[in-house]
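Novice: Quick one: the structure is below, questions incoming.
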Amino acid sequence: MIKLHDSYFKPFINQADIQEAVKKIAEQIADDYKDETPIFVGVLNGAFMFVADLLKYYEHPCEVTFVKLSSYQGLTSTGIVETLLDVSEDIANRSVIILEDIIDTGRTLQQLVHLFSNSNVKEFKIASLFFKSDVYNGEYAIDYIGINIPDKFIVGYGLDYNELGRNLKEVYQLNQKHMINLVLFGKPGAGKGTQAEFLKDKYNLKHISTGDLFRFNIKNNTELGVLAKSYIDKGDLVPDEVTIKMLQDDVAKNPDASGFIFDGFPRTTAQAEALDAFLATKDMKIDATIALEANDEVLIQRLLERGKISGRTDDQDEEKIRNRFDEYNEKTAPLKDFYEAQGKFHSVNGIGEIDEITLRLGKVIEEL
């Protein structure tokens, strides 16, 4: 997965398949024109890599020039094709092969045909590395086609998204926004916070930690913060509806997120049911719950080391750490049953290098 500007793109066509398609087109053109010297006309900007590679595979005399047309802005076509650079060479009575990076609806092709139909060329043919046959209007024959593709926005190998991505060796397609909502479990010291930071950046997710929410609302004396503090000061548990309202407000503040990582909530089956009910009102759902599993003894040593640096007293007492583990086990067991019944519970090995654990988590998310 890569990010260009505000959008995410996933791998679509690898480098080897692209080169095979380019070579195939070069060989087909050679069969037709090896006894004369055709003029290749590359369509800028997108076709520059296609033209360069095709010439490497084309082993016969040829000439090359370029035109520049445009109909795209961002992710969509404007429907208006502009000629930004015209053919300067004398092409009368010559065989011309137009080299397009991609043909979709055919609007740009229509302008190209108009350019060459009025130029007294001997003949002209059209080659396109990528061809969206499902949306092509079919007005003109495409003589040489590299790869048929579905109607997806693609970048790479000369194709861009607002000028980014042209230098990619492979082709990526737009990752249509699919909201992924995760619940992240893990004993103290399992690395939930660290992994949540990596996952939120990689998948454009918003990390919602209930601990952070409580601290923010209480520190800023919000209505919910004052209400929560009133329960905490009396030694009472904050009601689930207050926590849910905090979550609801935070979700509303992030309409562009591709999903959410819920950390620290739910802690009980009742809270899990309340979270499901809230998400349903937003036409959302929990896609997966992921538990970072780790050996208690490993985590104890990790926390004791952390306690030396952080100064947290609850990370400096082994008995307190074990009590926290017992509390986690007691509360998480019914939640595991709850999400397993929905087919949404996943266990991931939380021991190893940080990037190794991130890779394990990523495999679970990619399968969603």
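Novice: In the range 117-139, what residues are hydroxyl-bearing (Ser, Thr, Tyr) and either outside any strand (DSSP E or B) or over 30 Å from GLU170 (Cβ atoms) (or both)?
Specialist: SER117, SER119, SER133, TYR136 - these are the residues of the range 117-139 that are hydroxyl-bearing (Ser, Thr, Tyr) and either outside any strand (DSSP E or B) or over 30 Å from GLU170 (Cβ atoms) (or both).
Novice: Between residues in the range 110-133 that are within 19 Å of ASP32 (Cβ to Cβ) and residues that are in a strand (DSSP E or B) and small (Gly, Ala, Ser), which pairs lie under 6 Å by C-beta distance while being six or more apart or on different chains?
Specialist: Qualifying pairs under 6 Å: LYS122/SER95; GLU123/SER95; LEU129/GLY146.
Novice: Still on this structure, I have one more. For the range 1-58, which fully contained strands (runs of 3 or more DSSP E) count at least 2 residues that are among the aliphatic types (A, V, I, L, M), over 21 Å from the mean Cα position of the chain (by Cα) and buried (at least 17 other Cβ atoms within 10 Å of the Cβ)? Walk me through how you get there before you give the answer.
Specialist: Numbers: elements: 2-4, 7-13, 39-44.
So the answer is 39-44.
Novice: Yes or no: ASN217 on the phi > 0 side of the Ramachandran plot and surrounded by 17 or more Cβ atoms within 10 Å (Cβ to Cβ)?
Specialist: no
Novice: Taking the stated definitions as given, is ALA291 in contact with a helix residue (DSSP H, G or I) (Cβ under 9 Å, 6 or more places away or on another chain), of a type in the set (A, V, I, L, M, F, W, C) and free of Cβ contacts under 8 Å to residues at least 12 places away in the same chain?
Specialist: It is false that ALA291 is in contact with a helix residue (DSSP H, G or I) (Cβ under 9 Å, 6 or more places away or on another chain), of a type in the set (A, V, I, L, M, F, W, C) and free of Cβ contacts under 8 Å to residues at least 12 places away in the same chain.
Novice: Let me ask something additional. Of everything in the range 341-355, what is in a loop (DSSP other than H, G, I, E, B) and modelled with pLDDT under 90? Give them in sequence order.
Specialist: GLY350, ILE351, GLY352, GLU353
Novice: Out of the range 238-293, which residues are among the charged types (D, E, K, R) and in contact with a strand residue (DSSP E or B) (Cβ under 8 Å, 6 or more places away or on another chain)?
Specialist: ASP250, ASP263, LYS285, ASP287, GLU293
Novice: For the range 204-235, give me each residue that is of a type in the set (Ser, Thr, Tyr) and under 21 Å from PRO266 (Cβ atoms).
Specialist: In the first step, residues of the range 204-235 are kept if they are of a type in the set (Ser, Thr, Tyr); the result is 209-210, 222, 230-231.
The answer is SER209, THR210, TYR231.
Novice: So which of ASP143, ASP160, ASP104 is within 22 Å of ASP53 (Cβ to Cβ), touching a residue at least 60 places away in the same chain (Cβ under 8 Å) and charged (D, E, K, R)?
Specialist: ASP160
Novice: While we're on this one: Do we find a residue being in a loop (DSSP other than H, G, I, E, B) and either under 17 Å from ALA196 (Cβ atoms) or not assigned by TED's automatic domain parsing to the domain that holds VAL238 (or both) anywhere in the range 298-321?
Specialist: Checked against the condition, which is being in a loop (DSSP other than H, G, I, E, B) and either under 17 Å from ALA196 (Cβ atoms) or not assigned by TED's automatic domain parsing to the domain that holds VAL238 (or both), the range 298-321 yields no hits at all.
The values are calculated or read from the model by the stated rules, or taken from the named source; none is laboratory data. The structure displayed is predicted, hence computed values, not measured ones. Don't worry about glycine lacking a Cβ; one is built from the backbone with ideal geometry, like all the others, and counts go over all protein chains shown.
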